[in-house]
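Every number in this text was worked out from the coordinates using simple rules, so none of it is lab data. Bear in mind that the values here come from a model prediction, so they are computed numbers and not experimental data. When we count neighbours, we look across all protein chains shown, and the Cβ atoms used for this are built from the backbone with ideal geometry, even at glycine.
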Amino acid sequence: MDTRATIRFGFDNSYARLPRRFTAPTEPAKASAPLLVAFNTPLAEEMGLPVKDLGSSELAEIFSGNRPPEDAEPVASAYAGHQFGGFSPQLGDGRAILLGEVVTPAGRRLDIQLKGSGRTPFSRGGDGRAALGPVLREFLVSEAMHALGIPTTRALAAVVTGDPVYRETALQGAVLTRVASSHIRIGTFQYFAARQDKEALELLTRHALERHYPDRSDAENPALSLFEGVIERQAALVAEWMRVGFVHGVMNTDNMSISGETIDYGPCAFIDAYDPSARFSSIDTGSRYAFANQGAVAEWNLARLAEALLPVIDEDEQKAVDLAVGALRKFPALFSANLLAAMRSKIGLADAEEGDAALIRDLLKAMHQGHADYTRFFRALAKGVRAGGGEGDFEDAAGVFVDVSAFRDWLPAYRDRLVRERHDLEVLAGAMDSVNPVYIPRNYRVEEALAAAAEGDLQPFNTLRNVLLKPYEEQAGMEAYAEPPPSDWGNYRTFCGT
Ligand code: AMP
Ligand code: MG
């Protein structure tokens, strides 16, 4: 049987051209009965992939890894990482294989990676496989994040392999095709730093700068400039997560992208009622990656990146440390400013005032105490603003609270603050609606979709996927997808590496 499809994607594999120690050539495993369950046609078009005339069985052959495109040069990448604070000098793509890079018609370079397509030289004890549930979960949530306007890897295809994977029970195996601007992680730098491979660190710095920070590629100190770029993007990214209530769940340094995209949707979840301590991952028992901890964790991870970069920041170690510390010190203020800007926009404040941070802090406290749904509340608040911001205009917002007393105490200060805005209330409400989603991938909806898909019914998955394409627009007939979970929906837990 042919091991390659006749199709060519026009790959241009800049990462695989780096020295051999960066990657290991690896062929995807065969799937015994590949079946396409989801395909992202708009993304394929945007990427300029020549798949328009292919039927679903041909797509399933390609994106299961059974018959990769003729010009693919599949590799698994090496990386290390701090997982829950402990360092592993060798992780790597244990269940992912990079088919190659394409340059889109618009000039963007994108990785095409199969996840769950079998063992690689980095698999250690793992089977290299993925189960259908987590594959569809990543498909839904990463595409939802994209539609929310948040930098993220994308999902191009999901294919059932026809082979079982064994977890607590036997599950259907599946392969996700993930698209990313690259798969370079903090852990990639750590891998070479741990081996004192300065030459590789230099090459990787150069590669990452040219690929993700072309404006910085002429910098006098490339490694320091790269570090500053990653600081900026991560400070922006985590604030964006918090704008929509996203908990990544496993912010290990191997899951933090140098490009500033959200990557690795294992145990992630969105909060329903506001709770800064929300965490969903069953293995994050210390709440290291809880909702409100994510800024601090990003900073911790960036410190690990700084350590890895020290040898290429300056030959003089003390000087390198001083430069890196000087850059990292800017993170907290940068992150706070991004988060404050995001929260200001959520409550419709276009102008900035001194007291805004306190106003927002008090609101979040009221929301936490009052068990207010994080998504519904801000849309309801915008209704009050649109109605004129009068005392009686915020009953919908009040209705989101289980215990509304602290919200009622907060409201007069907010109404006073609105009066001082120089913009029209109608305009402010419109701006609020453009940053406050109606629809997020609510955990109970995601679980419902995955449970049905496991039984062969893809309709709930497809409906949810569709609703999440336009998260900021109210969609007639889809009101149920904006509803918080039923009251018996208890302590939700997610599982990673599954
Ligand atoms: P994650 O927590 O999913 O980001 O994965 C951490 C590390 O475990 C990475 O090196 C993965 O490639 C590896 N890994 C996770 N699941 C598997 C699996 N089923 N088989 C082999 N390696 C895996
Ligand atoms: Mg990972």
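State, as an integer percentage, the relative contact order of segment 354-435 based on alpha-carbon contacts under 8 Å between residues 6 or more apart. Walk me through the numbers before you get to the answer.
Working: 79 pairs, mean separation 29.5, N = 82.
Relative contact order here is 36 percent.
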Return P(r) of the chain (all Cα-Cα pairs; 10 Å bins starting at 0; whole %; ordered from short to long distances). 4, 19, 28, 26, 16, 7, 1, 0
Determine Rg/Rh for segment 300-357; Rg is computed over alpha-carbon atoms and Rh is the Kirkwood hydrodynamic estimate from the same atoms. 1.23
Among the lysines, select those whose C-alpha is under 18 Å from the C-alpha of LYS365, and discard any that sit fewer than 8 residues away in the same chain. LYS346
Student exercise, the chain dipole from Lys, Arg, Asp, Glu Cβ charges, in Debye to nearest 20: 820 debye
Can you give the Kirkwood hydrodynamic radius for segment 354-435, in Å, rounded to one decimal and based on Cα pairs? 12.7 Å
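Given the rule -39500 (n - 2.57) for each run of at least 4 DSSP H residues, summed and divided by the residues of the chain, what is its mean residue ellipticity at 222 nm, to the nearest 500 deg cm²/dmol? Could you put the intermediate results ahead of the total?
Values: 16 runs with 204 residues, N = 498.
When only DSSP H runs of four or more count, the value is -13000 deg cm²/dmol.
Tell me, PHE87, PHE461 in order of fewest to most beta-carbon neighbours within 10 Å? Mind dumping the intermediate values first?
Values: PHE87 13, PHE461 24.
So the residues, fewest neighbours to most, are PHE87, PHE461.
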Kirkwood Rh for segment 190-344 from C-alpha pairs, in Å, is 16.2 Å
Roughly what would the spin-label model give for TYR444 and GLU426, points 7 Å off Cα along C-beta, in nm? 3.7 nm
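Mind ranking 332-339, 443-450 by how tightly packed they are, going by the mean number of other C-beta atoms within 10 angstrom, highest first?
Details: 332-339: 16.5, 443-450: 19.5.
My ranking of the peptides, most packed first, is 443-450, 332-339.
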Over segment 102-178, how many percent of alpha carbon pairs lie in each 10 Å bin up to the one with the longest distance? 18, 42, 29, 9, 1
Give the peptides 74-86, 478-490, 276-288 in descending order of average Cβ contacts within 10 Å, highest first. 74-86, 276-288, 478-490
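For the chain, what does the relative contact order come out to in percent, with C-alpha contacts under 8 Å and a separation of six or more? Spell out each step's value before the answer.
On the way: 987 pairs, mean separation 67.4, N = 498.
Answer for the chain is 14 percent.
May I ask you to list, by number, the DSSP H helices of the chain whose Cα span along the axis is at least 15 Å and whose average Kyte-Doolittle hydropathy reaches -0.5 or more? Each step should come with its number before you reach the end.
Details: long enough: 132-147 (22 Å, 0.66); 198-212 (21 Å, -0.78); 222-244 (33 Å, 0.60); 294-313 (28 Å, 0.78); 317-328 (16 Å, 0.55); 331-346 (22 Å, 0.69); 356-369 (20 Å, 0.08); 374-386 (19 Å, -0.20); 405-419 (23 Å, -0.46); 425-435 (16 Å, 1.21); 443-454 (16 Å, 0.06).
Helices meeting the span and hydropathy rule in the chain are 132-147, 222-244, 294-313, 317-328, 331-346, 356-369, 374-386, 405-419, 425-435, 443-454.
In what order do ASP322, ASP218, ASP254 fall by count of nearby beta-carbon atoms within 10 Å, going from fewest to most?
Result, fewest neighbours first: ASP218, ASP322, ASP254.
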If you keep only loop residues by DSSP, which trypsin sites (Lys or Arg not before Pro) in segment 26-105 have at most 12 other Cβ atoms within 10 Å of their Cβ? LYS52
Using bins 5 angstrom wide from zero, how does P(r) for segment 165-212 break down, in % of all Cα pairs? 5, 16, 18, 14, 10, 10, 11, 10, 6, 0
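Looking at the calculated P(r) for segment 354-498, what percent of the C-alpha pair distances fall above 26 Å? Don't skip to the answer; put the middle values down first.
Working: 3582 of 10440 pairs.
Above the 26 Å cut-off, segment 354-498 has 34 percent of its Cα pairs.
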Excluding residues fewer than 8 places away in the same chain, name every one of the aspartates and glutamates whose C-alpha is closer than 14 Å to that of LYS319. GLU307
For segment 1-111, what's the relative contact order in percent, using C-alpha pairs closer than 8 Å and at least 6 residues apart? 36 percent
